[in-house]
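Asks: If you scroll down you'll find the structure; I have some questions about it.
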Amino acid sequence: MTIHQTITAAATPAEQRFLDLYASACDRLPGAGVPAVRAWREEALDAFAALGVPHRRVEAWKYTDLRALMTAVHPLGGLDAGAQADVDASIGRALANIDSYRAVFAGGKFRPDLSTIQGAPGISFTPLCAKLKSEADAAATLAALPLPKGDVVAALSTAFATSGALISIAPGKKIDKPIHLIVIASSEANAYALRHAIKLGDGAEASIIETHVGAGASQAWSYTALDIGKGAALKHARLTQSAAALHLASATVTLGERAVYEPTHAAIGGALTRSEGTIHFTGPNARATYNAAILARGHSHVDFTLVVDHAAPHCESRELVKAVLDDRAKGVFQGKVAVQRGAQKTDGKQMANALLLSNDAEFDSKPELEIFADDVVCGHGATAGQLDEDLMFYLRARGIPEAQARALLIAAFVGAALDTVDNEGLHTALVEKVAAWLAAK
């Protein structure tokens, strides 16, 4: 006699909180009455349950123990009427002044009344919630939204998604102004989940700005899939700014032959911010340039984790991270460059620099190279230190007050990561955000 036994690990209290949240909200989520949508969400929930809430023994989460840092899960927002939102006041005047096609998500819901992207030339835009209402629409949509394996944030974003942006740029189309995804969390202690999918056709060119502003003790998790076609180019700026909010984001980027991807990410404050991404080079002669800045003080915890997967030859990747940490803030950068067999002539480099303004601040850097090709140029580096006393003396000797001298040096340090932004309005906005953070001390 043969006995087959399946052993399933019991959910810990950390996982059970999410399972209970789904049980309480599942019947009110978009597409709840559509079997295919329900199955799509429950598949993602099963994937989350199998992975569990990450903790420090999970290598990719070694420096960000989510199980310890996220001790509660808030009620899910975005199920009722859209929250009141003043977009310009939420994102700031400089960002508001950028001429762009806006897609606004406030309180977990898409707000057509605050958005201007509808009908933009060359852009196909649909909010995810609109595609989940009928079996016919949902079938094709869900087929194009596969769940990446081993990604906890993607699983949560899929299971609980109340909306998201589905964007497609026509082949050869050059979008004349940025697409601005604006995500505003309400002041209530709610959780929000969004899932985005963005596709650039061959030869298309576009610029995307993502602005995430959290209020109060909100919680947010999101997943974005980016598909950049042959010869296409995307500039992608992402700003995460909050006071006491928790923000978890994950992204998968696929680059075709000769594609160009230029992301810039700035995280300012927040109780916990983790942004993880994977960039896949699937075609030769593609290029990705990743620049990131962290500004954190108090007990903020900011984690940037990035995997660059070179699976095609003659591709180039660059990563530069600048972190400024004060008080008891903690910054993390985990950067892995993987070069697959056959990906000859790969050129991949990464650098992480941290400026510690307090003896209690902490920066953890984990650079990795995994190379299976023999004709490559790859390297990495990391530094952490305090303000240069010689430079401080130089500025003070010329009559510059100490506080102003410190601000000038810090702004110059962060500027190395932000000065690559060529949109004048966006660059001005980022510089103002840095200046406001410095002035708030």
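Asks: List every residue pair whose Cβ atoms sit under 8 Å apart, with the two residues 6 or more apart in sequence or on different chains, where the first one lies in region 20-40 and is farther than 13 Å from PRO75 by Cβ and the second, anywhere, is part of a loop (DSSP other than H, G, I, E, B) and charged (D, E, K, R).
Replies: Pairs that qualify, where the first residue is farther than 13 Å from PRO75 by Cβ and the partner is part of a loop (DSSP other than H, G, I, E, B) and charged (D, E, K, R), are PRO30/LYS133; GLY31/LYS133; VAL34/LYS133.
Asks: Now, a different point. Counting just the residues of region 284-295 that are in contact (Cβ under 8 Å) with a residue 60 or more places away in the chain and among the small types (Gly, Ala, Ser), which one comes out nearest to GLU257 (Cα to Cα)?
Replies: Only one residue fits best here, namely ALA292.
Asks: While we're on this one: When you scan region 122-133, how many residues do you find that are touching a residue at least 40 places away in the same chain (Cβ under 8 Å) and either hydroxyl-bearing (Ser, Thr, Tyr) or more than 20 Å from ALA191 (Cα to Cα) (or both)?
Replies: Number satisfying all stated conditions: 7.
Asks: Sticking with this structure for a sec: Scan region 380-394 and report the pairs whose first residue is closer than 30 Å to VAL337 by Cα and whose second residue is part of a helix (DSSP H, G or I), with Cβ atoms within less than 6 Å and a gap of 6+ or a chain change.
Replies: LEU387/LEU409
Asks: Moving on. Looking at ALA25, ALA14, ALA9, can you tell me which residue is surrounded by 17 or more Cβ atoms within 10 Å (Cβ to Cβ), of a type outside the set (Lys, Arg) and modelled with pLDDT under 95?
Replies: Exactly one residue qualifies, and that residue is ALA14.
Asks: Where residues in region 428-437 are out of contact with any helix residue (DSSP H, G or I) (no Cβ under 7 Å at 6 or more places or on another chain) and surrounded by 18 or more Cβ atoms within 10 Å (Cβ to Cβ), which of them is farthest from SER207 (Cα to Cα)?
Replies: If we take residues in region 428-437 being out of contact with any helix residue (DSSP H, G or I) (no Cβ under 7 Å at 6 or more places or on another chain) and surrounded by 18 or more Cβ atoms within 10 Å (Cβ to Cβ), then TRP437 is farthest from SER207 (Cα to Cα).
Asks: Also: With a cut-off of at least 3 residues that are on the phi < 0 side of the Ramachandran plot and open to solvent by 20 Å² or more (accessible area, probe 1.4 Å), name the strands (runs of 3 or more DSSP E) lying wholly within region 250-307.
Replies: 272-281, 287-296
Asks: While we're looking at this one, here's another question. One residue is enough: does region 273-283 have a residue meeting the conditions closer than 26 Å to VAL213 by Cβ, more than 18 Å from the chain's Cα centre (by Cα) and without any contact (Cβ under 8 Å) to a residue 60 or more places away in the chain?
Replies: No, there is no match, as no residue in region 273-283 is closer than 26 Å to VAL213 by Cβ, more than 18 Å from the chain's Cα centre (by Cα) and without any contact (Cβ under 8 Å) to a residue 60 or more places away in the chain.
Asks: Among the residues of region 201-233, write down those that are touching an Asp or Glu at 6+ places or on another chain (Cβ under 9 Å), of a type in the set (A, V, I, L, M) and buried (at least 24 other Cβ atoms within 10 Å of the Cβ).
Replies: ALA232
Asks: Just name the residue that is surrounded by the fewest Cβ atoms within 10 Å (Cβ to Cβ) out of those in region 143-161 that are hydrophobic (A, V, I, L, M, F, W, C) and not in a loop (DSSP other than H, G, I, E, B).
Replies: Taking the candidates together, the pick is ALA143.
Asks: Can you pull out the residues in region 162-200 that are open to solvent by 10 Å² or more (accessible area, probe 1.4 Å), closer than 27 Å to ALA259 by Cα and among the small types (Gly, Ala, Ser)?
Replies: SER168, ALA170, GLY172, ALA197
Asks: Would you mention how many residues in region 61-89 are small (Gly, Ala, Ser) and open to solvent by less than 50 Å² (accessible area, probe 1.4 Å)?
Replies: Result for region 61-89: 6.
Asks: On to the next question. Could you figure out which of (1) open to solvent by 50 Å² or more (accessible area, probe 1.4 Å); (2) closer than 23 Å to ALA25 by Cβ; (3) over 20 Å from the mean Cα position of the chain (by Cα) isn't true of ALA140?
Replies: All conditions are met except number (2).
Asks: Quick one: how many residues across region 145-181 are of a type in the set (Asp, Glu) and more than 28 Å from ASP27 (Cβ to Cβ)?
Replies: Total satisfying the criteria: 1.
Asks: Can you tell me which residues in region 376-411 are part of a helix (DSSP H, G or I), open to solvent by 70 Å² or more (accessible area, probe 1.4 Å) and either closer than 22 Å to ALA293 by Cα or not charged (D, E, K, R) (or both)?
Replies: Residues satisfying the conditions are LEU391, PHE393, TYR394, ALA403, GLN404, ARG406, LEU408.
Asks: Out of the residues in region 70-101 that are outside any loop (DSSP other than H, G, I, E, B) and in contact with a helix residue (DSSP H, G or I) (Cβ under 7 Å, 6 or more places away or on another chain), which is nearest to ALA189 (Cα to Cα)?
Replies: It comes out as LEU76.
Asks: Out of the residues in region 352-371 meeting the condition of being surrounded by 16 or more Cβ atoms within 10 Å (Cβ to Cβ) and touching an Asp or Glu at 6+ places or on another chain (Cβ under 7 Å), tell me which one is farthest from ARG406 (Cα to Cα).
Replies: Filtering first and then ranking leaves ALA361.
The values are calculated or read from the model by the stated rules, or taken from the named source; none is laboratory data. Nothing here was measured: the structure is a model prediction, and the numbers come from that model. All Cβ positions, even for glycine, are placed from backbone atoms using ideal geometry, and neighbour counts span all protein chains on display. Please note that ligands, DNA and RNA were not included when accessible areas were found on the heavy atoms of the full protein model with its side chains. Shrake-Rupley method; radii C 1.70, N 1.55, O 1.52, S 1.80 Å.
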